[in-house]
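Engineer: Below is a structure I'd like to ask you about.
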Amino acid sequence: MGMTLAELQEWPPHIKALADAASKRGDASQQAADKVQAIVDMSTWQGDAGEAARDAMKRSAARFDNAGFEALYVAMHANKAYGESQTLADDIGAFLAYAAAPPKVDINPKTNAVTPPDISGLNKEQLQKVIDKLKDLQQRVTGLVARGEMLDDSLARVLDEGTGGHTMAQKQIAEGTPEQAERDVHDVLAGTATEEQKARVQAASILSPEQIADRDAGRPVQLTRPQQQVLGQLQAQMNGMSVEDIHRAEQRLGNNKSIIGNALQMMGSNQYGYAKTELRPGAQGSTTELTTGGYDKLPTSVQEALNDKSPGFSYVSQGPGQGTAPITQGSTLGNLDRLSDVIKDGDPGFQNGTELDRRLMQRGADILHFENQNHDSHEGAADSTIQNIFSSAGRDHIVDHDMMVNPEGKRNDQFLGDLTHHQFTDGGKAAGSLMSWTHDSAHVGPGVSADQAKLSGETAHAYASYVADHKELNALPANDNQGLGQGTKTLGQLSPELVKGMAWGLAPYTAAIGGGDPAIFGSTPGFDNALDTDDAIGNGSMPQAKALFKVLSTNAEAATTLGGALYGDSVMATNHYAEAVKHSGVGEIGDLDQAGRFRGLADAGLAAGNDAQHKADTVSKEQYAKDLQRLKETAYGAITKILPIPAEAATPFGIMSDALKDSIVGKAPEPGQPANTTVPNLNPAYGQQQLLNAYAATGVLRPEQFPPNMLVPDPKHPGVMRVGTLEELRQMKGPDDRPVYEHLTSDKYHTMVNEALRRIPGDAGSAQPLIDAYNNAVKTTE
């Protein structure tokens, strides 16, 4: 039996004792070396005898010094191991607590046994929760034990090197377990492995934090001896297997299926060195020689599937005027599907620009292009395979970037054109996943390096600029694969999931798209420039940004995603201006320009989304107005889910956004407003109300500085007051239960907010820049 969770929990004090003892010995040895050397330095002995004595004492000092160095080396690494063991013990404690939480599953830490609970009387949903938890617990047990084995191996190497053993450079792979690795891998691939064998093979791709850091940074990854042996065996034994055999072996592994996908990624990458193993049955891995991974180390059948240029099918004419029909040829598509399944079951952390992902993605792109060239862009013959490729190899974000941005930094219009001019059987969901990931890596921060943010920004800029440049995406031909016309559809109708993926991926970049100031919204590396010129941003025409938002807003969910992001940008710009006024009495007028511009872009996009929803419908003006208001409220309510608001800023941002909500979202359009129209200009009173509420939220104006009965309490934030809307003030009642404001008109309300705003001296008392920027932004640009 291998290590148990109970044993691993007991390790920290023992490793700490080892570290302390080694440290004391190291200090003592080095002190002894210093004393002996001091005697040598002070000696006045003459002649041969004196020289001999000095030489002997120098050698003695050197031995003490070397012993001290070795002991301190052990102490340093043992202290590091102590920290890792403590983290592991804490994780085991948390794991056992998680197991004990409902639905409770018994874990015996002395045997690692996972005991299923009594499932009698459970309904289908409760039973599924138990099943899911059991699978999760089994995988986590394997991972925790694997971490313990790696820690044990690492500490053993340190003790070996620190007590006079061979260095890593001298032995590369020392006494590993080649026999066990060969047997374990053989049984895993044959489907006869025990759980312990699966766990040992699984451990080859369970990396330590240091190994993960090297992997993610693109540096060579130093594998442990057991990892090197197992990976060498996987590479050798899978070499002659067909793709179908590899897939079958993977499917038999159940909760350990990731073994195969991870192994393919590792053996195909030059980041990993592993035991060189002959390509013959029963061969054991070398204990002295490593081989470096690479595309040529992948199984022959995998290379053949990726090197093949055939689409795997052809189109055969059905006769004059009858179009064509696809005919499948060979096992090409089947092998690509199986390979995609295997990769998808692996850990996406290993998908870091690997040649395996790159070649597979290119196969998918080529087959998609073949379909489109043959007028099979309406749910094409190989769509299911293409989608499978996109959802597996597409998890490699470096590859996604390189598919859309070529080495010279130019946009890959062929690939982007094929994606956007094709109606997929999944609605574009897999294609959308190639873009949606840019949402989570737009800004440098925890878990996002500068290189990753740049990669994300360049990818987002590529697909955003492509959509902005191709206005025909609002009227795409909707033909079936027989060439029969089906009219036109917008991109949002043709590929709703693709549009949703794009919108989600672009949400953190809406400020950059609209010319926002990075000092307010944060830098977005790779997306450094707006889509429009400075002049176009300044005058609000912004043809590129408006074209982009118009296309993506043809899906209601995408419209609310982008609208929510833009509303959030408007709130941040307004807040930035108000904070500046609070601290120095003045703010940058450009902040108000941005606040109005982003609010206008949001309203225009949501109106376009509402128009697209009702384009083919007969809808009453009242229903149109209600639907538009619903879209605006949904978008505004999703701001904090869409934009990456830092935790420390969440509360003040929430107060500000709630204060500005009624100013920005406003009331539903008048029932008499035409159902398909441009967005009207901003009511000046509502622009002033937005700025006044910002001043109230930031404390620029105290409650007593507002006219009486103008503020109303914010129900979400006790003690916080905001400027009441026209409707709220009309409904306000005094102590005598009579209306405070009788016959309050829009003009009189405008006078009230204007007088309140004029209490701020200078330019800070004017909201005109915000109003003008809004009005320019909502103008239609053809």
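The values are calculated or read from the model by the stated rules, or taken from the named source; none is laboratory data. In this text the structure is predicted, and so the values were computed from the model without any measurement. Here Cβ is always computed from backbone atoms with ideal geometry, including for glycine, and neighbour counts include all displayed protein chains.
Here's the yes/no breakdown for (1) assigned by TED's automatic domain parsing to the domain that holds GLU195; (2) at pLDDT below 95; (3) under 32 Å from the mean Cα position of the chain (by Cα); (4) among the aliphatic types (A, V, I, L, M):
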| site | (1), (2), (3), (4) |
| --- | --- |
| ALA236 | yes, no, no, yes |
| SER269 | yes, no, yes, no |
| LYS276 | yes, no, no, no |
| GLY293 | yes, no, yes, no |
| PRO326 | no, yes, no, no |
| THR332 | no, yes, yes, no |
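Engineer: Just checking, does region 280-292 include any residue being of a type in the set (A, V, I, L, M, F, W, C) and under 30 Å from ASN372 (Cβ atoms)? Explain how you work it out, then say what you get.
Structural biologist: Applying the first criterion (of a type in the set (A, V, I, L, M, F, W, C)) to region 280-292 yields 283, 290.
Right, trim to under 30 Å from ASN372 (Cβ atoms) and you get none.
No; the residues of region 280-292 include none that is of a type in the set (A, V, I, L, M, F, W, C) and under 30 Å from ASN372 (Cβ atoms).
Engineer: Only one residue in HIS422, HIS401 is within 30 Å of SER205 (Cα to Cα) and either in contact (Cβ under 8 Å) with a residue 24 or more places away in the chain or not assigned by TED's automatic domain parsing to the domain that holds ILE206 (or both). Which one? So that I can check it myself, show each step before the final result.
Structural biologist: Numbers: HIS422 fails: within 30 Å of SER205 (Cα to Cα).
Selected residue: HIS401, the only one of HIS422, HIS401 that is within 30 Å of SER205 (Cα to Cα) and either in contact (Cβ under 8 Å) with a residue 24 or more places away in the chain or not assigned by TED's automatic domain parsing to the domain that holds ILE206 (or both).
Engineer: Next question. Limited to region 731-747, what total is found for residues that are within 51 Å of the chain's Cα centre (by Cα) and closer than 16 Å to LEU711 by Cα? Walk me through how you get there before you give the answer.
Structural biologist: Taking region 731-747 first, the residues within 51 Å of the chain's Cα centre (by Cα) are 731-733, 744-747.
Of the ones still in play, those that are also closer than 16 Å to LEU711 by Cα are 731-733, 744.
The number of residues fulfilling the criteria is 4.
Engineer: Looking at region 517-575 only, could you name the residues that are within 25 Å of GLU472 (Cβ to Cβ) and among the aromatic types (Phe, Trp, Tyr)?
Structural biologist: The answer is PHE527, PHE549.
Residue-by-condition table, conditions (1) exposed (fewer than 12 other Cβ atoms within 10 Å of the Cβ); (2) of a type in the set (A, V, I, L, M, F, W, C); (3) out of contact with any Gly (no Cβ under 8 Å at 6 or more places or on another chain):
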position	(1), (2), (3)
ALA697	no, yes, yes
LEU711	no, yes, no
ASP747	yes, no, yes
ILE771	no, yes, no
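Engineer: Can I ask one more? Residues THR288, THR277: which one is loosely packed, with under 11 Cβ neighbours inside 10 Å and either assigned to a loop (DSSP other than H, G, I, E, B) or without any contact (Cβ under 8 Å) to a residue 12 or more places away in the chain (or both)? Break it down stepwise before answering.
Structural biologist: Numbers: THR277 fails: loosely packed, with under 11 Cβ neighbours inside 10 Å.
Exactly one of THR288, THR277 is loosely packed, with under 11 Cβ neighbours inside 10 Å and either assigned to a loop (DSSP other than H, G, I, E, B) or without any contact (Cβ under 8 Å) to a residue 12 or more places away in the chain (or both), namely THR288.
Engineer: If a residue must be surrounded by fewer than 16 Cβ atoms within 10 Å (Cβ to Cβ) and part of a loop (DSSP other than H, G, I, E, B), how many such residues does region 291-304 contain?
Structural biologist: Applying the first criterion (surrounded by fewer than 16 Cβ atoms within 10 Å (Cβ to Cβ)) to region 291-304 yields 292, 294, 296, 300, 304.
Subsequent filtering for residues that are part of a loop (DSSP other than H, G, I, E, B) retains 294.
Total meeting the criteria: 1.
Engineer: Continuing with this model, one more query. Within region 317-335, how many residues are free of Cβ contacts under 8 Å to residues at least 60 places away in the same chain and more than 18 Å from GLU379 (Cβ to Cβ)?
Structural biologist: 7
Engineer: Hey, can you tell me all the residues within region 89-112 that are exposed (fewer than 12 other Cβ atoms within 10 Å of the Cβ), touching a residue at least 60 places away in the same chain (Cβ under 8 Å) and under 20 Å from LEU127 (Cβ atoms)?
Structural biologist: None - no residue of region 89-112 is exposed (fewer than 12 other Cβ atoms within 10 Å of the Cβ), touching a residue at least 60 places away in the same chain (Cβ under 8 Å) and under 20 Å from LEU127 (Cβ atoms), so the list stays empty.
Engineer: Within region 592-640, how many residues turn out to be part of a helix (DSSP H, G or I) and farther than 15 Å from ASN776 by Cα? Full working, then the answer.
Structural biologist: The first filter runs over region 592-640 and keeps only residues part of a helix (DSSP H, G or I), leaving 592-613, 621-637, 639-640.
Adding the requirement that they be farther than 15 Å from ASN776 by Cα leaves 606-613, 621-637, 639-640.
Matching residues across region 592-640 total 27.
Engineer: Return the total of residues in region 713-745 being crowded, with 18+ Cβ neighbours inside 10 Å and in a loop (DSSP other than H, G, I, E, B). Before you say what the answer is, go through the steps one by one.
Structural biologist: Step one: of region 713-745, the residues crowded, with 18+ Cβ neighbours inside 10 Å are 714, 721-726, 729, 741.
Subset that is in a loop (DSSP other than H, G, I, E, B): 714, 724-725, 741.
The qualifying residues number 4.
Engineer: With the requirement that a residue be hydrophobic (A, V, I, L, M, F, W, C) and surrounded by 14 or more Cβ atoms within 10 Å (Cβ to Cβ), what does region 113-143 give you?
Structural biologist: Taking region 113-143 as the starting set, the residues that turn out to be hydrophobic (A, V, I, L, M, F, W, C) are 113-114, 119, 122, 127, 130-131, 134, 137, 141.
Those that are hydrophobic (A, V, I, L, M, F, W, C) and surrounded by 14 or more Cβ atoms within 10 Å (Cβ to Cβ): VAL114, LEU122, VAL130, LEU134, LEU137, VAL141.
Engineer: Looking at VAL201 and the list (1) at pLDDT 95 or above; (2) in contact with a helix residue (DSSP H, G or I) (Cβ under 6 Å, 6 or more places away or on another chain); (3) farther than 16 Å from GLN138 by Cα, which single condition is not satisfied?
Structural biologist: Condition not satisfied by VAL201: (3).
Engineer: Now for a different question. Would you mind telling me which numbered condition in (1) of a type outside the set (A, V, I, L, M, F, W, C); (2) modelled with pLDDT under 95; (3) over 27 Å from the mean Cα position of the chain (by Cα) ARG252 fails?
Structural biologist: Of everything listed in (1) of a type outside the set (A, V, I, L, M, F, W, C); (2) modelled with pLDDT under 95; (3) over 27 Å from the mean Cα position of the chain (by Cα), ARG252 misses just condition (2).
Engineer: Look through region 216-254, keep the residues that are part of a loop (DSSP other than H, G, I, E, B) and of a type in the set (A, V, I, L, M), and return whichever of them is surrounded by the most Cβ atoms within 10 Å (Cβ to Cβ). Walk me through it before giving the result.
Structural biologist: At the first step, the residues of region 216-254 found to be part of a loop (DSSP other than H, G, I, E, B) are 218-220, 222-224, 239-242, 252-253.
In the following step, the residues that additionally are of a type in the set (A, V, I, L, M) were identified as 223, 241, 253.
Values: LEU223: 26, MET241: 17, LEU253: 19.
Looking at residues that are part of a loop (DSSP other than H, G, I, E, B) and of a type in the set (A, V, I, L, M), I get LEU223.
Engineer: Among (1) charged (D, E, K, R); (2) touching a His at 6+ places or on another chain (Cβ under 9 Å); (3) farther than 15 Å from ALA430 by Cα, which single condition is ASP341 missing?
Structural biologist: (3)
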